[in-house]
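My structure is below; once you've seen it, I'll send some questions.
FYI, it's all coordinate maths here, none of it is from the lab. The model shown is predicted, which means the values in this text are computed figures rather than measured ones. Quick reminder, even Gly has a Cβ in these numbers, built from the backbone with ideal geometry, and neighbours come from all protein chains shown.
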Amino acid sequence: METQSMTIAEKNAENVKRGYAAFNSADMATLTQLFHKDASWQTPGKSSIAGTFHGRDNVFGHFGRYGMETNGTMQSRLMAVSATTDGKVVAIHHNSGTRNGKTLNTDCCIEFDFKDGLLISGREYFFDLYNWDEFWS
């Protein structure tokens, strides 16, 4: 029986799923395999965590703040992943965590772009940006 190979869109969607699992378990080896060295990340808002981060090391430093500032309670529970024919992936997840007596409880959509099979950019869109900013203030 012949198996059909995965399309680029399907591979990218699988990599996003692997990335969420790696993020939630702080598996830096897997994240390093998935992210392009020139990756960028955009987090909206007015909090200290907002900004655009360039380069895999800076993106990972940004992610590290999520874990450090929440004492490891920050989680992003993946709810849906959709890939387009041009290889973009959109994921919806639920963020939760605690920090300084505050509770994070908001959904987020991330648009992922890929280059050479690796994640080159991520742009976050929060369903409740006020909750996100308040949590990180």
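Tell me, in nm to one decimal, what length is gained between residue 21 and residue 96 on full extension, where the rule is 0.36 nm per residue of separation less the Cα-Cα distance?
25.5 nm
A further question follows. Just to confirm the filter: which chymotrypsin sites (Phe, Trp or Tyr not before Pro) across segment 34-137 are DSSP coil and have at most 16 other Cβ within 10 angstrom of their Cβ? Mind dumping the intermediate values first?
On the way: sites: 35, 41, 53, 60, 63, 66, 112, 114, 125, 126, 127, 130, 132, 135, 136; in loops: 127.
Qualifying residues, ordered by number: 127.
Where Rh denotes the Kirkwood radius from the mean inverse Cα pair distance, what is Rg over Rh for the chain? Could you put the intermediate results ahead of the total?
On the way: Rg = 15.1 Å, Rh = 15.3 Å.
Result for the chain is an Rg/Rh of 0.98.
For helix 8-24, report the angle its Cα long axis makes with the longest principal axis of the Cα atoms of the chain; keep it between 0 and 90° and round to the nearest 10°.
The angle comes out near 30 degrees.
OK, next. Taking only DSSP H segments of four or more residues, each worth -39500 (n - 2.57), what value at 222 nm results for the chain once the sum is divided by all its residues, to the nearest 500 deg cm²/dmol?
Rounded to the nearest 500, it is -10500 deg cm²/dmol.
Only loop residues by DSSP count here, and only those with at most 12 other Cβ atoms within 10 Å; note down the GluC sites (Glu not before Pro) in segment 1-71 that meet that.
Here the GluC sites (Glu not before Pro) that fit, given the DSSP loop and packing criteria, are 2.
Each residue of segment 126-137 in turn: what ³J(HN,Hα) in whole Hz from Karplus with 6.51, -1.76, 1.60 and θ = phi - 60°, glycine and Pro shown as x?
For segment 126-137, the Karplus-derived couplings read 8, 6, 9, 4, 4, 4, 4, 4, 4, 4, 8, 7 Hz, x marking Gly and Pro.
To continue, here is another question. Lysines near residue 88 by alpha-carbon distance under 16 Å, same-chain residues fewer than 8 away left out - which ones?
The qualifying lysines are 11, 17, 115.
Within a 10 angstrom radius of the beta carbon, how do 36, 93, 62 rank from fewest other beta carbons to most?
Details: 36 18, 93 21, 62 15.
With the sparsest Cβ surroundings first, the list reads 62, 36, 93.
Also, quick follow-up: Using a 7 Å offset from the Cα along the Cα-to-Cβ direction at both residue 134 and residue 118, what is the distance between the two label points in nm, to one decimal?
So the label points at residue 134 and residue 118 sit 4.0 nm apart.
Tell me, what is the percent relative contact order of the chain, built from C-alpha pairs under 8 Å that lie six or more residues apart?
Working: 248 pairs, mean separation 33.9, N = 137.
Relative contact order for the chain comes out at 25 percent.
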